[in-house]
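Right, one structure below, let's go through it.
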Amino acid sequence: MTKGKYIDCGKDIDYNADMDVKGDQAQLIDEVETEQGLKIQIWDVDFQHALDGHPEVTIERIRKSLISPVKVVQSKKSNRACLFYNLEIENDPEFGEIYFCVVVGVLGDGIGKMETAYETTYTKSGKVLYERSK
């Protein structure tokens, strides 16, 4: 892991200055490059945030969804956020389709950061930025 600046809301903020007095520092866990060339940073604080609400989240599932999504949708709530969907189960007897979604904040200059991740049974509507051909 590397130490550095934690980028949030499109601003370069020294996140480490806001950490608790234990001396903890934000750690960059990984940087994943999409097929379209977007470099997405995964920070430990964002990963932990996702994990706290969604224990099904793993680094492997995040990487797979970013590298090989079935669909990428621009968020309706924020034009700087994209949702990367990976279809994990096509025909679950109870839920039907089950997707793993990674929400990415696009910061500009080909860089983004994972905001959160979770399982869902549908893809949100919005401007489709990418869809894998069937």
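The values are calculated or read from the model by the stated rules, or taken from the named source; none is laboratory data. Everything numeric here is computed off the predicted structure, so don't read it as measured data. Note that each Cβ is placed from the backbone with ideal geometry, even for glycine, and that neighbours are counted across all protein chains shown. Surface areas here come from the heavy atoms of the whole protein model, side chains and all, with no ligands, DNA or RNA. Shrake-Rupley method; radii C 1.70, N 1.55, O 1.52, S 1.80 Å.
Numbers below:
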item: Karplus (6.51, -1.76, 1.60) ³J(HN,Hα), θ = phi - 60°, over segment 110-118, in Hz, Gly and Pro reported as x; result: x, 10, x, 9, 5, 9, 6, 8, 6
item: Net charge over other residues, Cβ less than 11 angstrom from the Cβ of Glu56 (K, R count +1; D, E count -1); result: -1
item: Given Lys71/Lys124; Lys39/Lys113; Lys39/Lys77; Lys64/Lys113; Lys39/Lys127, the pairs whose alpha carbons are separated by over 18 Å; result: Lys39/Lys77; Lys39/Lys127
item: 3J(HN,Hα) from dihedral phi, segment 81-91, Karplus parametrisation 6.51/-1.76/1.60, rounded to Hz, x for glycine, proline; result: 10, 10, 10, 9, 10, 10, 6, 9, 9, 7, 9
item: Residue-normalised accessible area of segment 59-125, expressed per residue, 1.4 Å probe, Å²; result: 51 Å²
